[in-house]
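Below is one structure, written out as structure tokens, with a few remarks after it.
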């Protein structure tokens, strides 16, 4: 399995490009009136979107959410079926499922958020997408 660069990963998984644009937009539009700590932005908004795209969780078939009911269902973990995972048929797909791919993607996206947060947790600073691209 050949390692991929961030650019190659985005070519193999186009949703990574969209997620990077979202992170650049968040970083570029947050300011002191709309404070958002980079770590909170990462853990609450970006990480949940990244998780199914790269790393260990990639490749699982999504299931439909059940409609809410008034019934109380008690399940034992042992009774839950294992999620179905699609086969990784290409080197790019195998790499996108790796820890290395997760680290590349997470490092890139967290770096964008950190650059826009000069107070390190006291709100993202005012920055434009072009300015963040120049810094990256």
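What the table below lists for this structure:
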{"read-out": "Stretchable slack from residue 86 to residue 107, in nm (0.36 nm times residue separation minus alpha-carbon distance)", "value": "4.9 nm"}
{"read-out": "Ranked 23, 46, 87, 110, criterion: other C-beta atoms within 10 Å, fewest first", "value": "87, 110, 46, 23"}
{"read-out": "Spacing of the two label points (7 Å from each Cα toward its C-beta) at residue 25 and residue 78, in nm", "value": "4.7"}
{"read-out": "R0 of 30 Å, Cβ-Cβ distance residue 8-residue 45: FRET efficiency to nearest 0.05", "value": "0.75"}
{"read-out": "Least to most buried among 91, 107 (fewest other Cβ within 10 Å first)", "value": "107, 91"}
{"read-out": "Exposure proxy order (Cβ contacts within 10 Å, fewest to most) of 9, 1", "value": "1, 9"}
{"read-out": "Gain on full stretching of the segment that runs from residue 70 to residue 57 - 0.36 nm per residue minus C-alpha separation", "value": "1.6 nm"}
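Values in this text are rule-based calculations from the coordinates and carry no lab data. For clarity, every value in this text was computed on a predicted model and none was experimentally measured. When we count neighbours, we look across all protein chains shown, and the Cβ atoms used for this are built from the backbone with ideal geometry, even at glycine.
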